[in-house]
Amino acid sequence: ITRFPLIPIRGVPLMSYIANSWDSIWAFRPDPSDLLIATYPKAGTTWTQEIVDLLLHNGDAEVCKRAPTPVRIPFLEICSPPPIPSGLDLLRTRDPPRVIKTHLPFQLVPPGFWENKCKVIYVARNAKDNMVSYYHFDRMNLTQPEPGPWDGYIEKFMRGQLSWGSWYDHVKGYWVEREKRNILYLFYEDMKENPRREVERIMKYMDLSVSDEVINKIVELTSFKNMKENPMANYSCVPAPVFDHSISPFMRKGEVGDWTNHFTPEQSKMFDEDYEEQMKDVNIPFRTLI
Ligand code: A3P
């Protein structure tokens, strides 16, 4: 297993397996019926995928467990790392409508998604919790670059040197385009605060209508506790050498505010000052505590 080095594509550091097949990724043509779930890594991608999948199957957990591909997890992703079959190859084996996941920043999303007016759900999570989650993920995902010590990790995050690039550019890129492109822009903190409300928002955006009873069931099935126990959602099906759950489980804590257990007061102050500077051109209502 390799921790892939980062190679910039249009200034965005991406793992080498992505950079090396960039032309075919950029040329990918989705179907207008395909739905894209886009996130900066660790913002709540899997949670949203699970909700969308259950909405599409009227809350039937058994159908969602039946694997449409040899392993349902990883969900269809345009760029998935070897030894997982390439996302582009997997996509070719499935008929639309498909639910596709990506961590690509807005400017690197294949233009076919916009030309075909695909539905796009973006999930954003406050920077500090997002970074903490990414740090633990980089420890346990043995294809991601080595995270190194926490102190240096904060620096890399602030400078946009992590895999998939700058969190700041990522959340802003989709935010400024959300109205023009009809992107549903969700927040992890809102999902934690009131999951039912957010499930309903997703349902309406997808032009679906499921009963109140089914919505309640979906909220229950997608609670942190239940997803942690669900092998189809907790990534225990990912080939063993990729994720080492003994270092840190994929379903780690699922909380808002875990950053307070990681940042020293000095680190937090330094981070906040830089944050203000990097985010001064937008007003995205992030919450670091709820
Ligand atoms: P933590 O590391 O903070 O626990 P992604 O799916 O984008 O990789 O995001 C993973 C993060 O979302 C992890 O955060 C994980 O625990 C959290 N998560 C996944 N499912 C969740 C759920 N149902 N409720 C709350 N958090 C969830």
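A few notes on this one:
- Cα-based shape type of segment 147-233, given that a ≥ b ≥ c are square roots of the gyration tensor eigenvalues and the cut on a/c is 1.5: oblate
- Note on HIS245 and ASN58: with the Förster distance fixed at 45 Å, the Cβ-Cβ geometry gives a FRET efficiency of about 0.90.
- With the Kirkwood sum run over all distinct C-alpha pairs, the chain has a hydrodynamic radius of 19.4 Å.
- Averaging the Cα positions of each part gives two centres, and for segment 5-44 and segment 170-246 these lie 20 Å apart.
- Under 5 Å between amide hydrogens, built in the peptide plane, is the criterion, and for ILE9 it picks out LEU14 among residues at least 5 positions away or on other chains.
- Extension gain for ASP89 to SER21 (0.36 nm times residue separation, less C-alpha to C-alpha distance): 23.3 nm.
- Scanning residues 5 or more positions from PHE187 or on other chains, those with amide H under 5 Å from its amide H are ALA124, with H placed 1.01 Å from N in the peptide plane.
- Overall shape: prolate for segment 96-187, with the ratio a/c of the largest to smallest alpha carbon gyration tensor axis at 1.5 or above and a/b above b/c.
- Built amide H within the under 5 Å cut-off of LYS119, gap 5+: LEU36
- Surface share of carbon and sulfur [accessible, 1.4 angstrom probe, percent] for segment 172-290: 51
- Rounded to the nearest 10 square angstrom, THR288 shows an accessible area of 60 square angstrom against a 1.4 Å probe.
- FRET efficiency for the pair LYS228 and MET270, taken as 1/(1 + (r/R0)^6) with r the Cβ-Cβ distance and R0 = 41 Å, rounds to 0.80.
- Which listed pairs, of LYS156/LYS204; LYS42/LYS269; LYS117/LYS228, have C-alpha distances above 32 Å, in listed order: LYS156/LYS204; LYS117/LYS228
- Cα gyration tensor shape of segment 162-290, rounded if a/c is under 1.5, else prolate or oblate by comparing a/b with b/c: oblate
- Mean projected area (nm²) of the alpha-carbon convex hull when segment 1-158 is viewed from all directions: 9.6
- Put simply, when 125-133, 180-188 are sorted by average Cβ atoms within 10 angstrom per residue, most first, you get 125-133, 180-188.
- Solvent-accessible area per residue for the chain (1.4 angstrom probe, square angstrom): 44
- Here the accessible area of segment 43-146 is 53 percent carbon and sulfur, with a 1.4 angstrom probe and all protein chains present.
The values are calculated or read from the model by the stated rules, or taken from the named source; none is laboratory data. Quantities reported herein were computed from a predicted structural model and do not represent experimental measurements. Don't worry about glycine lacking a Cβ; one is built from the backbone with ideal geometry, like all the others, and counts go over all protein chains shown. Surface areas here come from the heavy atoms of the whole protein model, side chains and all, with no ligands, DNA or RNA. Shrake-Rupley method; radii C 1.70, N 1.55, O 1.52, S 1.80 Å.
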